[in-house]
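Take a look at the structure set out below.
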Amino acid sequence: MYRKTGAFVPVRAGLVYTETVVHLAPERFAADVPYQIIIVKLDGGGSMTARIEGERVAIDDRVVETESRDGVPFFRLKQ
């Protein structure tokens, strides 16, 4: 979600259900390797696949959404 200023407002949070590190990516993401992806069980129900921004996370860590880039949601470890 974005405010009128264009700043991203985190609206989703949850627990890491599973995670993996990608070392060989499609051409679109090749410059980003290695990167971590997760399936996050959202607090409001449901789940989604997302990328991790910042330090690595582990199963059952709490994460919060930080932004979306080109339709890809990014989460980080909740402090």
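Rule-based calculations on the coordinates, nothing more; no lab input. Predicted model, so just to flag it, every value in this text is computed and none were measured. So basically every Cβ, Gly included, is an ideal-geometry build from the backbone, and we count neighbours across all protein chains shown.
Odds and ends about this structure:
- For 56, 28, order by how many other beta-carbon atoms lie within 10 Å, fewest first: 28, 56
- Between 40, 63, 21, the GNM of the chain built on Cα springs shorter than 10 angstrom shows 21 fluctuating the most.
- Applying the criteria of a DSSP loop state and at most 10 other Cβ atoms within 10 Å to the GluC sites (Glu not before Pro) of segment 39-79 yields 55.
- Relative contact order [Cα under 8 Å, 6+ residues apart], the chain, whole percent: 30
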